[in-house]
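Mind having a look at this structure? Questions to follow.
The values are calculated or read from the model by the stated rules, or taken from the named source; none is laboratory data. None of the values given here were measured: they were computed from a predicted structure. Positions of Cβ are backbone-derived with ideal geometry, glycine not excepted, and every protein chain shown enters the neighbour counts. Accessible surface is based on the protein model in full, side chains and every heavy atom, while ligands, DNA and RNA are left aside. Shrake-Rupley method; radii C 1.70, N 1.55, O 1.52, S 1.80 Å.
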Amino acid sequence: MGHKRYGYLPKSKIWREIVNSLGDYSLGNAEISSIAQNTLRNVQSQYSNLRNDPSINASFEFLVQVSLAFQKNDPLKYLSENKIIDKEELSLLRLARGATKYKSDEVASHEYQTFARQAAIDAINNWYKSNIERGRSLFSEGIDSTAIFRKAANGTGFCELSRLYFSKLTERYLKYFLEREASTKISNVNERERFSREIEKKVDEISKHAFETAKITESFSAGWYYNHVKDELPKENEIRNFLTTSFGKMKSELLREEAK
């Protein structure tokens, strides 16, 4: 589900291989293995907490609102009335601003809030780009943005959008915990900075790894959407239950990765 829009996705390297390929930092295999394993364990632990974070709930609810809007006869009116866009004109920039402002006062951690907001923005941007007709760009004339976003108003479109959200969130946490874990192993400041630069060079591999990890949420996302997003926004506990199950599935997937 979703592969025909994203094209062929090569099987990503397992996490240890990604970390091993970051470069020689005068660390032995045991230290590299420790950085790789502890990064995964930190992300797994984080998944157990994310479902209860208000910013995570708000950012995912924002995506549900966007999908729900395009079930409506007048989606722009719905988006405007729910303070997702500031006026009845649609653009990626307005949606990005909406993601930043949506329930912004519901925050327990500003760090979590930043990750969550950016994951939602990245998901929408990447989903939109993948649904533009082949040969056209964001800047091509005559693009009907409303027609494109109506593709997100069913289970197939929503599961693609939610997979991107979970993958972008995972990507950010993998990079964050990888750098944090490496800083405990690499004492030299210059070497740590070089390590950080190497991580940026590997961002495509990290992104593919996160995207493949998030695949496990697809079929569940589609079924949940068909059952719960019917003309109105699901209740908060229904969204929280969805996140609990999705993060649980992804945690299990990373546990299998750790065992490889």
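Can you list the HN-Hα couplings for region 49-59, worked out from phi with the Karplus curve (6.51, -1.76, 1.60; θ = phi - 60°), rounded to whole Hz and with x for Gly and Pro?
9, 4, 4, 9, 7, x, 5, 5, 4, 5, 5
Can you tell me the dipole magnitude for the chain around its Cα centre, using point charges on the Cβ only (Lys, Arg +1; Asp, Glu -1), in Debye to the nearest 20?
The calculation lands at about 420 debye.
Hey, got a sec? Which trypsin sites (Lys or Arg not before Pro) in region 54-83 land in a DSSP loop and have at most 12 other Cβ atoms within 10 Å?
83
To continue, here is another question. Restricting the calculation to Cα positions, tell me the Rg (one decimal) and the Dmax (whole number) of region 181-220 in Å.
Just the Cα atoms of region 181-220 yield Rg and Dmax of 14.6, 46 Å.
Give me the lysines in straight-line cross-link reach of residue 87: C-alpha distance below 17 Å, same-chain residues under 8 apart excluded.
Straight-distance partners of residue 87: 72, 77, 101.
In terms of solvent-accessible area of protein heavy atoms at a 1.4 angstrom probe, what is the ranking of 209, 110, 228, highest value first? Intermediate values should be presented prior to the final figure.
Numbers: 209 5, 110 135, 228 65 Å².
From most accessible down to least: 110, 228, 209.
As a check on your grasp of the helix formula, calculate [θ] at 222 nm for the chain: sum -39500 (n - 2.57) over DSSP H runs of n ≥ 4, divide by the residue count, round to the nearest 500. Could the numbers behind the result be given before it?
Values: 13 runs with 183 residues, N = 260.
So the helix-based figure for the chain works out to -22500 deg cm²/dmol.
Still on this model: With a cap of 14 neighbouring Cβ atoms within 10 Å, and only residues DSSP puts in a loop, list the GluC sites (Glu not before Pro) found in region 35-105.
Values: sites: 61, 81, 88, 89; in loops: 88, 89.
For GluC sites (Glu not before Pro) across region 35-105 that sit outside H, G, I, E and B with at most 14 neighbouring Cβ atoms in 10 Å, the list reads 88, 89.
Rolling a 1.4 angstrom probe over the protein heavy atoms, how many square angstrom per residue are accessible across the chain?
49
Suppose each label sits 7 Å from its Cα in the direction of the beta carbon; what would the residue 226-residue 203 distance come out to in nanometres?
It works out to 3.7 nm between the two label points.
If you take the charge dipole of the chain about its Cα centre, with +1 on Lys and Arg Cβ and -1 on Asp and Glu Cβ, which of 216, 75, 108 is farthest toward its positive end?
216
Whenever you get a sec, line up 14, 124 from highest to lowest accessible area (probe 1.4 Å, protein heavy atoms). Don't skip to the answer; put the middle values down first.
Working: 14 40, 124 5 Å².
Ranking 14, 124 by accessible area, largest first, yields 14, 124.
Here is a follow-up. Within the P(r) computed for the chain, what percentage of the Cα pairs occupies the region above 32 Å?
Roughly 25 percent, rounded to a whole number.
Next question, about the same structure. Starting from the residue with the highest accessible area, list 122, 105 in decreasing order, probe 1.4 Å.
Values: 122 35, 105 125 Å².
Descending order: 105, 122.
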